[in-house]
Structure formats: structure tokens, C-alpha cells
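Notes to accompany the following structure.
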Amino acid sequence: MPNDYTVTIYTKTYDLLAWLFPLTAKFPKEQRFVLAQRLIDAATELYELLITARRTKPAEARREILAQADVRLEQLRLYFRLSKDLKLISIPQYEQSAQRTDEIGRLLGDQIKRAQT
């Protein structure tokens with residue numbers, strides 16, 4: 001049975017995805033199929049890896065999946081930064097993306113620490 005901590009990371013990641021889809025739909029057509037798709041793919045894969053990690057035993061395998069999720073989160077941060085630099089998202093939207101990814105990162109870090117014990 002998931003605890004509040006586990007539910008929180010899923011909720012935060014789902015909220016990021018729900019916020020991301022309409023945001024990337026506003027990208028210019030030439031970027032919608034490149035950068036927007038990378039953003040969506042990284043965020044979706046992050047969520048899928050979290051689900052997989054939750055269902056995975058033993059702990060060593062779970063740690064590997066969580067490490068992959070951490071890589072996806074870092075890629076997501078890169079794509080958001082690139083979107084801001086290319087002026088595809090506004091500074092406030094970038095700040096919101098940073099807040100969301102930082103919060104997920106803290107929760108993911110806690111989950112990684114828990115998997116090591």
C-alpha cells in the first residue's frame with residue numbers, strides 16, 4: 001500500500017504532465033515535433049519509471065530504475081531551459097517548471113535514499 005510520500009511524487013509528476021501538455025501545444029509547429037515532443041517524452045518516461053520502480057523488487061533493481069528516473073528528470077530540466085532560451089516559454093513559465101522539477105527532484109532523491117536502506 002503506498003504511503004503519503006509515494007502518492008505525493010506521483011501526484012506531483014502527474015500535475016507536471018497535465019501542465020506540460022497544453023504548454024507545449026502552444027509551441028510553434030517546427031518545435032512542436034522536436035523540443036515539445038522531447039519534453040513530453042521525458043516527463044512521460046519519468047512517470048513510467050516511477051511506476052515501474054514502485055512495482056519492482058528487489059531493492060537493487062529498484063535503485064537502478066530510480067537512477068534512470070533521475071536521468072530523465074535532468075533531461076527534462078535541460079529541455080525546459082532550452083525552451084526558455086529559445087523563447088518558447090516565458091520566464092514565469094520557466095520558473096514554474098523549475099519549481100515543479102525541483103520538488104519532484106527532492107522527492108525522487110528521498111525515494112533513492114530509501115531504496116538504499
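Between Gln96 and Ile112, what length in nm is gained on full extension when 0.36 nm per residue of separation is reduced by their alpha carbon distance?
Result: 3.4 nm gained on full extension.
Segment Arg77..Glu60, full-extension length gain: 3.5 nm, with 0.36 nm per residue of separation and the alpha-carbon distance subtracted. Since only Trp19, Leu73, Ile51 are under comparison, the one whose Cα sits farthest along the positive direction of the charge dipole of segment 1-87, derived from C-beta charges on Lys, Arg, Asp and Glu, is Trp19. Straight-distance candidates among the aspartates and glutamates for linking to Lys84, with alpha-carbon spacing under 13 Å and chain neighbours fewer than 8 residues away dropped: Glu95.
What net charge is computed for the residues neighbouring Gln96, neighbours being all others with C-beta under 12 Å from the C-beta of Gln96, Lys and Arg scored +1, Asp and Glu -1? After counting each charged neighbour, the total is -2.
Using r as the Cβ-Cβ distance of Asp85 and Ile51, and R0 as 25 Å, what FRET efficiency do you calculate, to the nearest 0.05? My answer for the efficiency is 0.20. Computing Cα extents along the principal axes in Å for the structure here picks out one of (i) 48, 30, 25; (ii) 34, 29, 26; (iii) 44, 22, 20, namely (iii).
Taking the Cα centre of segment 4-116 as reference, the dipole from Cβ charges on Lys and Arg (+1) and Asp and Glu (-1) amounts to some 80 debye.
FYI, it's all coordinate maths here, none of it is from the lab. Remember, predicted model here, so these are calculated numbers, not experimental data. Heads up, the Cβs are rebuilt from the backbone with ideal geometry, glycines too, and the neighbour counts pull from every protein chain shown.
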